[in-house]
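Scroll down for the structure; my scribbles are underneath it.
The values are calculated or read from the model by the stated rules, or taken from the named source; none is laboratory data. Just so we're clear, the structure is a prediction, and the values are computed from it rather than from any experiment. Positions of Cβ are generated from backbone atoms using ideal geometry, with glycine treated the same way; all protein chains shown enter the neighbour counts. In case anyone asks, the SASA skips ligands and DNA or RNA and just uses the protein heavy atoms, side chains included. Shrake-Rupley method; radii C 1.70, N 1.55, O 1.52, S 1.80 Å.
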Amino acid sequence: MEQQRQEKKQVILSGIQPTGVFTLGNYLGAVRNWRAMQDEFDCAYFVADLHSLTVRQDPAELKKHSLEAFALLLAAGIDPEKSLVFIQSHVPAHAELGWILSCYTQFGELSRMTQFKDKSAKHKDNINAGLFDYPSLMAADILLYQADLVPVGADQRQHLELTRDLAIRFNGIYGDVFKVPDGYYSKNGARVMSLQDPTKKMSKSDTNQNAFISILDEPAVIINKFKRAVTDSETEVAFREGKDGINNLMTIYSAITGKTMDEITAEFSGRGYGDFKMAVGTCVAETLTPIREEFSHLMKDRAYLQEAYRKGAETAAYVAGKTIAKVKKKVGLLPVK
Ligand code: TYM
């Protein structure tokens, strides 16, 4: 028994919204790490479609993007034979625990979330209760699977902290129900910035197409976007304060090639920004090409995708079902039988 416990792998869980094709930011900040973690850990990854409803969606587009997001995860190397891969709304326990946890989350805590502040400023005509309560649902996603580690980009740190607080609060009242998870942030690429405004994070919902690299962009498009990337009026490729555009390009180049900032500075010494942008564009295009090819291959096989997410939903419902049953019992909901 003791030996069995020691051999149990740590549980990893993470999700991504199907609000558009993933960006290079999603890939370097999250999905690339997810793939790398599959052999060492017990991993669960999902398409967070319920979270996407917090911003008004076109129903047909949301459906299409959800299938594409699922295919993109597989194309990026998430293997359904190794990891649990599913779609959030296929597992009702997420919404159930989301509601229960929202009754343990304080108004003040949710008001402090920077994502809520940003998104409510951006969508002034639709500051809905779901947008406000978004972090309670995210906590439910994580706590249902008793995750040890949650690999996310730096922009999700505050939500992770709240998840920990909620788990500790709930356990404090009802005993050990939830594993208290830790965030896992990649050293490199945890924050990829917009190519047009490098003080803002790269986002798939940006209205300026040149601001982000979609992981399905063709090589020529990628190189063009990097050529147009906003930099500064100097000529030295060096990572320092005030050079947000260059710092961002160096972060991307370093994340892909594994080179340090000093090595990159030495490599492009005396060569100027044009050469550097070309090198970054080329290495990004090379990295994304196999993903784009695999994606188009997978999208031709709907039956395979459907079977993969159906199986995922079944296993996820089983795992999540154990936690939600325990939670319902603890809070005093009357069982049906
Ligand atoms: P989402 O869909 O915005 O992003 C998915 C993942 O990509 C990371 N990311 C970035 N990393 C680096 N640079 C960027 N520019 C960048 N943009 C996005 C995000 O940090 C994230 O890891 N709330 C989540 C989805 C979610 C979730 C969860 C995640 C729902 N439930 C439970 C983990 C656990 C979100 O909107 O991610």
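One residue is enough: does segment 131-149 have a residue meeting the conditions open to solvent by 30 Å² or more (accessible area, probe 1.4 Å) and among the charged types (D, E, K, R)?
Yes, segment 131-149 contains at least one residue that is open to solvent by 30 Å² or more (accessible area, probe 1.4 Å) and among the charged types (D, E, K, R).
Determine which single condition VAL180 fails, assuming it passes every other condition in (1) within 30 Å of LYS243 (Cα to Cα); (2) open to solvent by 20 Å² or more (accessible area, probe 1.4 Å).
Every condition holds for VAL180 apart from (1).
Rundown of residues vs (1) near the ligand (Cβ under 9 Å from one of its atoms); (2) part of a loop (DSSP other than H, G, I, E, B); (3) open to solvent by 40 Å² or more (accessible area, probe 1.4 Å); (4) out of contact with any Phe, Trp or Tyr (no Cβ under 7 Å at 6 or more places or on another chain), yes/no style:
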| residue | (1), (2), (3), (4) |
| --- | --- |
| ASP165 | no, no, yes, yes |
| ASN188 | no, yes, yes, yes |
| ARG191 | yes, yes, yes, yes |
| PHE226 | no, no, no, yes |
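Can you find, within segment 93-108, the residue that is most open to solvent (accessible area, probe 1.4 Å) among those that are not in a loop (DSSP other than H, G, I, E, B) and not hydrophobic (A, V, I, L, M, F, W, C)? Quick ask: steps written out before the conclusion?
Keep residues of segment 93-108 that are not in a loop (DSSP other than H, G, I, E, B), which gives 93-102, 107-108.
Keeping just the survivors that are not hydrophobic (A, V, I, L, M, F, W, C) gives 94, 96, 98, 102, 108.
Values: HIS94: 0, GLU96: 72, GLY98: 7, SER102: 23, GLY108: 32 Å².
Among those that are not in a loop (DSSP other than H, G, I, E, B) and not hydrophobic (A, V, I, L, M, F, W, C), it is GLU96.
Among (1) more than 16 Å from the ligand (Cβ to nearest atom); (2) modelled with pLDDT under 95; (3) hydroxyl-bearing (Ser, Thr, Tyr), which single condition is TYR174 missing?
(2)
Suppose we keep only residues that are more than 8 Å from the ligand (Cβ to nearest atom) and either touching a residue at least 60 places away in the same chain (Cβ under 8 Å) or of a type in the set (D, E, K, R) (or both) within segment 193-211. Which one would you say is least open to solvent (accessible area, probe 1.4 Å)?
Per the stated criteria, the residue is ASP206.
What residue, of SER120, SER111, SER102, SER136, is under 19 Å from the mean Cα position of the chain (by Cα) and not charged (D, E, K, R)? Walk me through it before giving the result.
Working: SER120 fails: under 19 Å from the mean Cα position of the chain (by Cα); SER111 fails: under 19 Å from the mean Cα position of the chain (by Cα); SER102 fails: under 19 Å from the mean Cα position of the chain (by Cα).
When all the criteria are applied, what remains is SER136.
List the pairs whose first member sits in segment 315-332 and is within 19 Å of GLN88 (Cα to Cα), whose second member is open to solvent by 50 Å² or more (accessible area, probe 1.4 Å) and modelled with pLDDT of 95 or more, and whose Cβ atoms are under 6 Å apart, counting only residues at least 6 apart or on separate chains?
Partner pairs satisfying both residue conditions: ILE324/GLU96.
So the check is Cβ under 9 Å with 6+ separation or different chains; which pairs have a first residue in segment 288-311 that's among the acidic types (Asp, Glu) and modelled with pLDDT of 95 or more and a second one that's open to solvent by less than 50 Å² (accessible area, probe 1.4 Å) and not in a helix (DSSP H, G or I)?
Between residues of segment 288-311 that are among the acidic types (Asp, Glu) and modelled with pLDDT of 95 or more and residues that are open to solvent by less than 50 Å² (accessible area, probe 1.4 Å) and not in a helix (DSSP H, G or I), the close pairs are GLU294/ALA76; GLU294/GLY77.
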